[in-house]
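Trainee: Starting off with a structure, shown below.
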Amino acid sequence: MKSFLFFTFVSFSSYAHYSKPQLVARYSGIDAFNAPNGLSCFRSEPQPTLDGVFLGCVTDQGYVMMKWNPAPEVLALSQFGMFSHPKEVLGKTNWYEFSEAGVNNLFEYQNQSLTKIELKNLGPIDSLIDSFSAIKNKSYVYRLQNEEKTLQLWNNNQVSTLYTENISHIFPPVSSVDGNFLIKIRRNDLNEGSPDALLLWNDGFRKILEDRDTDSSSAFKAFRHQYAIDGETVAVIVTDDKSEALLLINGDKKVEVARAGIDLVSFDYFSPKLRNGVLVFRGLDLKNRKSIWVYQNGNLSKLLTQGDVVQTDKGPARTDYQNQDAIFYGAPGIGPHGEIYLQSTLTDINFPMTRLGIGLIRFNKE
């Protein structure tokens with residue numbers, strides 16, 4: 001992304017085969033745009049689909065699941081606690097309701113129709129149950145954090161064990177839109193120095209990556225548990241003897257997308273997103289600005305950078321804030337046509353201390 005500075009100190013950007021940012025909604029306490037007043041969605045992540053873009057939000061009624069297409073619509077109200085991030089698998093958008101007691105209800109949305117499923121008999125009442133993720137064959141996987149640390153398979157309230165070994169931890173499973181998924185497992189104990197492995201499930205488990213604690217010949221000292229999957233391709237942030245790097249892995253082929261210290265200062269601790277060959281991730285650029293990058297067809301470019309300008313219902317606004325950690329919220333979302341949605345704080349272009357709210361912003365692929 002190239003930036004040009006004019007005498008008005010307004011930066012304009014070239015958006016890497018994407019349109020300029022388009023404001024879908026602006027959340028604010030008293031003067032929201034295309035959203036209810038007082039809406040807050042910063043704890044969730046957008047999921048664009050053919051049905052619209054889904055986002056978990058908080059209103060004065062409680063936690064709700066919103067959909068924009070293009071007008072806002074409240075699809076469901078949580079009765080027990082909160083909603084998970086919405087996810088799309090095989091054309092169906094899903095999310096679950098959870099509280100301190102665990103997972104309560106499952107929601108599925110497709111073709112403008114919402115289905116609510118009461119979840120039963122997921123495991124012992126004293127076991128932690130979480131990370132309910134859709135996969136193929138109308139099934140879901142979830143972690144049962146009992147003494148054995150098992151990965152369970154759910155299908156129409158029928159439950160079976162999908163994976164169990166002598167391990168200390170299973171990190172949350174991450175699904176692809178075609179219904180495969182990844183899990184990171186840790187052996188021995190919970191310490192960061194314990195052996196880790198990354199497994200891909202496609203009707204069976206296959207090892208994708210091991211750290212040096214597991215295999216002394218591995219090039220990687222560690223890898224994060226934020227990752228993404230697109231078909232047989234996996235995006236994961238690894239640490240080698242040089243620094244952290246974001247890799248795309250497909251079988252024996254490994255492509256380095258970006259490296260800390262060369263392409264950016266550091267990667268943010270939010271999952272990269274990968275869909276139909278489009279990879280999006282967050283980080284801190286070499287000028288210490290919060291930024292979002294997009295990678296496709298071997299090209300790495302910035303999509304949006306702290307200080308960039310977005311046209312809003314109130315005129316031009318800046319994606320900026322006095323607290324850098326409150327500029328972007330959660331991970332971006334990628335839709336079926338490569339469109340990208342993200343959330344950013346918007347401030348008055350002339351008065352940076354004046355906050356205009358949080359914007360739901362869309363980039364169309366060109």
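The values are calculated or read from the model by the stated rules, or taken from the named source; none is laboratory data. Quantities reported herein were computed from a predicted structural model and do not represent experimental measurements. Note: ideal-geometry Cβ built from the backbone for every residue, glycine included; neighbour counts use all protein chains shown.
Trainee: Inside the range 319-348, can you point out the residues that are touching a Phe, Trp or Tyr at 6+ places or on another chain (Cβ under 9 Å) and in a loop (DSSP other than H, G, I, E, B)?
Mentor: Passing the criteria: Ile327, Gly335, Gly338, Glu339.
Trainee: Got a number for residues in the range 150-175 being over 19 Å from Leu200 (Cβ atoms) and either in contact with a helix residue (DSSP H, G or I) (Cβ under 7 Å, 6 or more places away or on another chain) or of a type outside the set (A, V, I, L, M) (or both)?
Mentor: 8
Trainee: Only one of (1) part of a loop (DSSP other than H, G, I, E, B); (2) modelled with pLDDT under 95; (3) not β-branched (Val, Ile, Thr) is not met by Ala35, so which one is it?
Mentor: (2)
Trainee: If I filter the range 101-126 down to residues being surrounded by 17 or more Cβ atoms within 10 Å (Cβ to Cβ) and outside any strand (DSSP E or B), which single residue comes out as farthest from the chain's Cα centre (by Cα)?
Mentor: Gly123
Trainee: Could you list, in sequence order, all residues of the range 274-293 that are in contact with a Pro (Cβ under 7 Å, 6 or more places away or on another chain) and either more than 15 Å from Tyr227 (Cβ to Cβ) or surrounded by fewer than 22 Cβ atoms within 10 Å (Cβ to Cβ) (or both)?
Mentor: Correct list: Ile292 only.
Trainee: Still on this structure, please answer the following. Do you know which of the residues in the range 135-148 that are surrounded by 11 or more Cβ atoms within 10 Å (Cβ to Cβ) and either touching a Lys or Arg at 6+ places or on another chain (Cβ under 6 Å) or among the charged types (D, E, K, R) (or both) is nearest to Arg187 (Cα to Cα)?
Mentor: Among those residues, the one meeting the criterion is Glu148.
Trainee: Also, quick follow-up: With the structure loaded, tell me whether Ser218 is polar (S, T, N, Q), modelled with pLDDT of 95 or more and either in a strand (DSSP E or B) or touching a strand residue (DSSP E or B) at 6+ places or on another chain (Cβ under 9 Å) (or both) or whether it fails that test. It would help to see each step written out before you state the result.
Mentor: On the way: polar (S, T, N, Q): yes; modelled with pLDDT of 95 or more: yes; either in a strand (DSSP E or B) or touching a strand residue (DSSP E or B) at 6+ places or on another chain (Cβ under 9 Å) (or both): yes.
Spelling it out, Ser218 is indeed polar (S, T, N, Q), modelled with pLDDT of 95 or more and either in a strand (DSSP E or B) or touching a strand residue (DSSP E or B) at 6+ places or on another chain (Cβ under 9 Å) (or both).
Trainee: From (1) assigned to a strand (DSSP E or B); (2) farther than 21 Å from Gly193 by Cβ; (3) in contact with a Ser or Thr (Cβ under 6 Å, 6 or more places away or on another chain), pick out the condition that doesn't hold for Pro316.
Mentor: (3)
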